[in-house]
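Worksheet for the structure shown next.
The values are calculated or read from the model by the stated rules, or taken from the named source; none is laboratory data. Everything numeric in this text was worked out from a predicted model, so none of it was measured. Because the Cβ atoms are built from the backbone with ideal geometry, glycine has one as well, and the counts that use them run over all protein chains shown.
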Amino acid sequence: MEQVLKLLPFLKPYWKKALLSLVLLFIVVAMDLAIPRLVQRIIDQGIARQDLRVVWQTFLVMLGLSALNTLFAVGNNNLSVQVGEGVARDLRRALFRRVQTLSFGNLDRLQTGQLMVRLANDPNVVQRVVQVTLRIGTRAPLMMIGSIILMFRTDLRLALGMVPLLVVTSGVIAFFVLRMEPLFLTMQQKLDRLNNVLQENIAGVRVVKAFVQASREAERFERVNEEFTQRNIRVMEFMATMGPSLSLCMNIGIVAVVWAGGLQAIRGQVTTGQIAAFVNYLQSTMGPLMIMVNLANVWAAASASAKRIREVLEMEPEVREAPDASPLPPTAQPRIVFDRVTFSYNGTVGTPVLQDVNLAIEPGETVAILGTTGAGKSTLVQLVPRFYDPSEGRVLVDGLDVRRLQQDSLLARVGIVPQETVLFSGTIRDNIRYGRPEATDEEVVAAAKAAQAHDFIVQLPHGYDTHVEERGVNLSGGQKQRIAIARALLTRPAILILDDCTSSVDVETEARIQEALREWMKDRTCLMVTQRVSTARNADRIIVMDRGRVVAVGTHQELLRSSPIYQEIYASQMGNGLLEEDSRNDEARLQSRR
Amino acid sequence: MMRPGFSRAGEFRPRGLRGGPGHAPQLDRARDPRRTFLRLLRYLAPYRLALTLVFLLILLSTFLGLAGPYLMGRAIDGLIATRDGAALARMALWMVAVFVLGNVADALSAWRMAGVSQRALQRMRRELFTHLQSLSLRFFDSRPAGELMSRLTNDIEAINQAVSQNAIGLLGSALSLVGIVAAMFVLNHWLALASAVVVPIMLGFTNWIARSTRKGFRELQKHLGEMNSILEETLSGLRILKAFRRSQAAVHAFEEENEEVYRAGVYANSHALLLMPLTNQLGNLFVIAIAGLGGWLALRHLTTVGTIVAFISYARAFINPLRQLSNIYNAIQGALAGAERVFEILDTPPEPPDAPDALPLETVRGEVRFEGVTFGYLPGRPVIRNVSLEARPGQTVALVGPTGAGKTTLVNLLMRFYEPDAGRIVIDGKEIRRVRKDDLRRQLGMVLQDTFLFSGTVMDNIRYGRPEASDEEVIRAAQLAEADPFIRQLPQGYQTPLSERASNLSQGQRQLLAIARAILTDPGILILDEATSNVDTRTEARIQRGLLRLMRGRTSFVIAHRLNTIRDADQVLVIRDGEIVERGTYRELMARKGFYYRLAMTQFKGETI
């Protein structure tokens, strides 16, 4: 409840509609409540006194009221829907915009699936509570309160007789509502276990078959299946008694009214019309009670959703632009300096991923960053476009601290090819053009040629206009990587970051890409993250990283001589020196080809 | 009748294409609802007796529910006519009896139905599960696990709703309607005719609302689908989006679609939600018509006050089932569509079972032969072409070649996950097609690159292939696999529970567990897939040592990426485009200066060698 109320500001643009909707609802309820009274009038003053005129007049009044009421009800309906949908739309918009401002550090802590639920699902749940509150959620209690008041006004003594009944009914409802939640919770737990076994058997079907464990898995499934079924039966049996119990309360009330009212009528203290009205009111008291039980569910769901929504809305972007940030001058040289950089993903408390890194990379240089997984290579290059801020030290581009720059102007000069290739729906051309939508077709082709993507693209059924299917399933891993490279090249970046992005490209193609890059990246700086000596060996310099530190810097030959870690990595990949001779030949071959 | 909130799980579930916001009706329909319905009934067939009882109870509760207002009318008329307190008391007691009995019958029917429906569903889930297990990998290859999973859970839930609640609701509502109309005609046929005016209006409205709602929701689903795919894409590609400065464009595209969703949502929900207030108003209209007409008739002594009161009670009771019917109808349609999809899976032919005369395979020496094996996942598109090879007992065979050349397929064929289209595979002189499948797989140990672990402890996972192994044996296997040191460092050692998809272990550690798992089953033949990357050097060395120990004395097929492995192999098979293009030892291949030489020479590189 509290969680939902904190989203109240989102209702503000619609307060007039919401208010009008509630006013209409009040009128509708008032008129609904008037009808039993008018029926009573027909019985007591029309039929009992044999007055046809009263019958007709009352009938026509009721008819008129009812027609008006229908209009108001429709108005309330449409307004409440508009408010609800409007709030949902605004929530989605706010969430989406907020997500766009988040930095990589924030995103690391959120999974795509979670974000998806928050954006696609949660606003709808809130929408539902808004819309329900403007309709049945207010109508039901109003009806109840109004009915009770009118019961008292119809006949005080009969009404007082109903008090114990109301108390009992409320008790019954409280009992069910309180018991319901824990019951459903345990049922949900059993359901989760059931789904978990199913999930494991679908995702791990190969292992189950390979180890011939089908029958054991079937037993495991049947165990949870039985547990879930038993729990489910218990919950449903419990729920089966709820409706009839409440309905019994109401029916007992009706009998009581007829009986007690009848005895009073014999004594002439009430009229039959009053009894009829009373029965009517009683029925309209109990109906809303049952509805309100269901409303508890809607509120519970909305409260959980509202909490999730607020978590995102209140998330502070970790990387924020300084108010006095200046743009990176277009004349800036792509000279990168890491000045005593230390970095940890959890701020200052976590174990550092980078420790005291000092590096200077000159314009026009191609630098390979080599090391095993977890050495900190990717992290290092991600500091350049300021995807993260270092915990200590500075990252400088052409002598300017990246934290003092407008990030947009910085990003405009940096091209990045990430480890994991992400393509978007659209044609291949759209994808290559992604970072520079205004690029001409010739430029697209040139970038694709440099990335060694042109040849396979023209062989596709529609060439550059081939549609990239969801997550690029119609392309091989190597093809996707080459498109991603072309995408980065097309932005003509002053600084190009290749983050281990040729893992699925075959060796010969990779060699050709590297050659083309040499041409393309003249006077530009290229940072190339890799785990492989074969990729790194042709760079101007190789930076060897291990556990967050730069342990060696030099050319392939220098490092082979001087760096034990480089030798170790080389040995593990090239085979304990046995291939050394061969690879030297190979190197000679490569040299001669150039 | 109350509808217990079983949808609570659904409220937190992301809405796919099937559910819209609010109370979106299910839009999908079964292609052959009649057949699906009859087949669903078969699950209920064992409970014929219980279901008959449930039916009788519903009949009883409906009848008694209708008798209530009738008795009330009689009581009021008796009161007016005779002013007899004793008669009133009798009537009141009758009413109490009728109401209590009616509500008890109602509760009992729902109570009994809970057991019946859940047992029937339990059986359906069991059948579905065992059938899924029997399906060939072909089935799973063509369906992403997540999609299959969410479809199954959604469909079963829809069936659950329909069987446990909507079926009873439908029956109750229909019986109530018939009963009310009958009771009305018994009471007073003139007044009953008033309902003849209201019902068509009501049905007309419902129909109109249903139609415009369907149209509206179809539109809404379309826009929701588009918005969701924008969201999905933007959110999963958020880093790239930011790196390429496309946030503005994304916001723009999203807001455009968001606006469309808003407009479609307002239209669809304005119509859909209209049903409730309109039926309320129609209910009022009904009451008004009865009061007016009744008053007029009463003055002409064609009816009594008691009848009017009873009628008004009926009128109020009349609206509810009418309102529920269309909702229930939609839900049942959705359930039938779900059931049809479930049955589709149940009807998928399983892996062919073993022949009755299939040979047992107790132990193997490890002699493996492929004889002219051809295979394709899709007809007419062979992935493996005429492959012949021979491995003698204890030999190590390295399979090398570019990604997608068919190495994994060879392994799949050996495991009999698929049957070759032509040629045969022979182990120890027995064709594997004629061997009991379970025996065969027990003799083959498999360690894949992407290790799948199950929820449970580390111990459970190592023991997976041999549940009866003792703790000592498990630890011994872990030691041989070099997994023991890292397991001991885990918070609870061997008893550490592995979270879903074992995200608390690194890929290398998971592979060590897989090696231990394979060591424990002591297979005669090994199938290994070397890790390509993402393993740190130290773990890498451990894996190598573990693998070597595992391979000792066993025939091993290794999808190889490491030079060491290839150099030490007894045979290297170079596979390219589904064919073995070269074979021999490493030295022979290097000396030949063919395809392999070129591969190795261009630059030695992880997965391409």
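Got a number for residues in the range B:480-491 being in a loop (DSSP other than H, G, I, E, B) and touching a residue at least 24 places away in the same chain (Cβ under 8 Å)?
Adding up the residues that qualify gives 4.
Kindly list the number of the only condition in (1) within 13 Å of another protein chain (Cβ to nearest Cβ); (2) at pLDDT 85 or above that fails for residue A:588.
Here residue A:588 meets the rest and fails (2).
Among the residues of the range A:528-543 satisfying the criterion of being within 14 Å of chain B (Cβ to nearest Cβ) and buried (at least 24 other Cβ atoms within 10 Å of the Cβ), which is nearest to the chain's Cα centre (by Cα)?
Top of the filtered list is A:529.
Quick check on my filter: what residues within the range A:311-351 are in a helix (DSSP H, G or I) and in contact with a Leu (Cβ under 7 Å, 6 or more places away or on another chain)?
Passing the criteria: A:312, A:313.
Does any residue of the range A:244-265 turn out to be of a type outside the set (Lys, Arg), part of a loop (DSSP other than H, G, I, E, B) and free of Cβ contacts under 8 Å to residues at least 12 places away in the same chain?
Within the range A:244-265, none of the residues are of a type outside the set (Lys, Arg), part of a loop (DSSP other than H, G, I, E, B) and free of Cβ contacts under 8 Å to residues at least 12 places away in the same chain.
Looking for something more than 7 Å from every other protein chain (Cβ to nearest Cβ) and within 23 Å of residue B:37 (Cα to Cα) - is there at least one such residue anywhere in the range B:92-112?
Among the residues of the range B:92-112, at least one is more than 7 Å from every other protein chain (Cβ to nearest Cβ) and within 23 Å of residue B:37 (Cα to Cα), which makes the answer yes.
Output the number of residues of the range A:48-76 satisfying the condition of being free of Cβ contacts under 8 Å to residues at least 24 places away in the same chain and closer than 25 Å to residue B:304 by Cα.
Summing the residues that are free of Cβ contacts under 8 Å to residues at least 24 places away in the same chain and closer than 25 Å to residue B:304 by Cα in the range A:48-76 gives 14.
Output the residues belonging to the range B:268-299 that are in contact with a Lys or Arg (Cβ under 8 Å, 6 or more places away or on another chain) and not in a helix (DSSP H, G or I).
B:273, the sole residue that qualifies.
Based on this model, can you work out whether residue A:224 counts as out of contact with any Lys or Arg (no Cβ under 9 Å at 6 or more places or on another chain), assigned to a helix (DSSP H, G or I) and either in contact (Cβ under 8 Å) with a residue 24 or more places away in the chain or outside the structural domain of residue A:285 (by TED's automatic domain parsing) (or both)?
So residue A:224 fails the test.
Would you please name the residue that is farthest from residue A:554 (Cα to Cα), looking only at residues in the range A:352-382 that are touching a helix residue (DSSP H, G or I) at 6+ places or on another chain (Cβ under 9 Å) and in a strand (DSSP E or B)?
A:354
Show the residue pairs that are 6+ apart or on different chains and have beta-carbon atoms under 6 Å apart, the first residue being within the range B:255-267 and more than 20 Å from residue A:77 (Cα to Cα), the second being part of a helix (DSSP H, G or I) and of a type in the set (Asp, Glu).
B:257/B:226
Determine which single condition residue B:282 fails, assuming it passes every other condition in (1) within 7 Å of chain A (Cβ to nearest Cβ); (2) touching a residue at least 24 places away in the same chain (Cβ under 8 Å); (3) crowded, with 22+ Cβ neighbours inside 10 Å.
(1)
Quick one: count up the residues across the range B:65-83 that are surrounded by fewer than 19 Cβ atoms within 10 Å (Cβ to Cβ) and facing chain A (nearest Cβ under 8 Å).
2
Hey, can you tell me all the residues within the range A:50-66 that are at the interface with chain B (Cβ under 9 Å from one of its Cβ atoms) and either buried (at least 18 other Cβ atoms within 10 Å of the Cβ) or assigned to a helix (DSSP H, G or I) (or both)? Walk me through it before giving the result.
Quick first cut of the range A:50-66, residues at the interface with chain B (Cβ under 9 Å from one of its Cβ atoms) only: A:50-52, A:54-56, A:58-60, A:62-63, A:65-66.
Residues satisfying the conditions are A:52, A:54, A:55, A:56, A:58, A:59, A:60, A:62, A:63, A:65, A:66.
Within the set of pairs 6+ apart or on separate chains, which have a first residue in the range A:284-298 that is in a helix (DSSP H, G or I), a second that is at pLDDT below 75, and C-beta atoms under 7 Å apart?
Cβ pairs passing all conditions: A:290/B:2; A:294/B:5; A:297/B:5; A:297/B:8.
Scan the range B:117-143 and report the pairs whose first residue is facing chain A (nearest Cβ under 8 Å) and whose second residue is of a type in the set (Phe, Trp, Tyr), with Cβ atoms within less than 6 Å and a gap of 6+ or a chain change.
B:129/A:221; B:137/B:417
Would you mind stating whether residue A:124 is at the interface with chain B (Cβ under 7 Å from one of its Cβ atoms) and in contact (Cβ under 8 Å) with a residue 24 or more places away in the chain? Reasoning before the result, please.
Values: at the interface with chain B (Cβ under 7 Å from one of its Cβ atoms): yes; in contact (Cβ under 8 Å) with a residue 24 or more places away in the chain: yes.
Yes.
Might you check whether a residue that is over 49 Å from the mean Cα position of the chain (by Cα) and crowded, with 22+ Cβ neighbours inside 10 Å occurs anywhere in the range B:309-322?
Yes: the range B:309-322 contains one or more residues that are over 49 Å from the mean Cα position of the chain (by Cα) and crowded, with 22+ Cβ neighbours inside 10 Å.
Okay, residues lined up against (1) at pLDDT below 85; (2) buried (at least 19 other Cβ atoms within 10 Å of the Cβ):
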| residue | (1), (2) |
| --- | --- |
| B:327 | yes, no |
| B:338 | no, yes |
| B:345 | no, no |
| B:352 | yes, no |
| B:358 | no, no |
| B:378 | yes, no |
| B:395 | no, no |
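Is it true that residue A:109 is in contact with a helix residue (DSSP H, G or I) (Cβ under 8 Å, 6 or more places away or on another chain) and more than 9 Å from chain B (Cβ to nearest Cβ)?
Criteria not met by residue A:109.
Those residues that are within 32 Å of the chain's Cα centre (by Cα) and either crowded, with 21+ Cβ neighbours inside 10 Å or among the aromatic types (Phe, Trp, Tyr) (or both), I need them from the range A:385-401; list them, please.
Once the filter is applied, which keeps residues that are within 32 Å of the chain's Cα centre (by Cα) and either crowded, with 21+ Cβ neighbours inside 10 Å or among the aromatic types (Phe, Trp, Tyr) (or both), the range A:385-401 yields A:385, A:386, A:387, A:388, A:390.
Need the failing condition index for residue B:301 against (1) at positive phi; (2) outside the structural domain of residue B:200 (by TED's automatic domain parsing), just the number.
Result: residue B:301 fails condition (2) only.
Restricting attention to the range A:196-239, which residues are more than 7 Å from every other protein chain (Cβ to nearest Cβ), of a type outside the set (Asp, Glu) and under 30 Å from residue A:172 (Cβ atoms)?
Of everything in the range A:196-239, those that are more than 7 Å from every other protein chain (Cβ to nearest Cβ), of a type outside the set (Asp, Glu) and under 30 Å from residue A:172 (Cβ atoms) turn out to be A:228, A:230, A:231, A:234, A:235, A:238.
Residue pairs, Cβ under 7 Å, 6 or more apart or interchain, first in the range B:389-404 and within 14 Å of another protein chain (Cβ to nearest Cβ), second modelled with pLDDT under 85 and assigned to a strand (DSSP E or B). List them.
Final answer for the pair search is B:401/B:576; B:402/B:576.
Tally the residues that are within 26 Å of residue A:522 (Cα to Cα) and without any contact (Cβ under 8 Å) to a residue 40 or more places away in the chain, restricting the search to the range A:540-566.
The number of residues fulfilling the criteria is 7.
Only residues that are more than 8 Å from chain B (Cβ to nearest Cβ) and crowded, with 22+ Cβ neighbours inside 10 Å: list them for the range A:481-493, please. First the steps, then the outcome.
Taking the range A:481-493 as the starting set, the residues that turn out to be more than 8 Å from chain B (Cβ to nearest Cβ) are A:481-486, A:488-490, A:492-493.
Hits for the range A:481-493 are A:481, A:482, A:483, A:484, A:485, A:486, A:488, A:489, A:490, A:493.
If I ask for residues that are within 13 Å of chain A (Cβ to nearest Cβ), farther than 11 Å from residue B:575 by Cβ and either out of contact with any Lys or Arg (no Cβ under 8 Å at 6 or more places or on another chain) or among the hydroxyl-bearing types (Ser, Thr, Tyr) (or both), which ones from the range B:405-434 would you list?
B:411, B:412, B:414, B:418
Please find, within the range A:200-216, the residue that is nearest to residue B:518 (Cα to Cα) out of those that are of a type in the set (D, E, K, R) and surrounded by 21 or more Cβ atoms within 10 Å (Cβ to Cβ).
Going residue by residue through the range A:200-216, those that are of a type in the set (D, E, K, R) are A:200, A:206, A:209, A:216.
Remaining after also requiring surrounded by 21 or more Cβ atoms within 10 Å (Cβ to Cβ): A:200, A:209.
Details: A:200: 19, A:209: 14 Å.
Of everything passing the filter in the range A:200-216, A:209 is nearest to residue B:518 (Cα to Cα).
For residue A:152, state whether it is more than 30 Å from the chain's Cα centre (by Cα) and farther than 29 Å from residue A:39 by Cα.
No.
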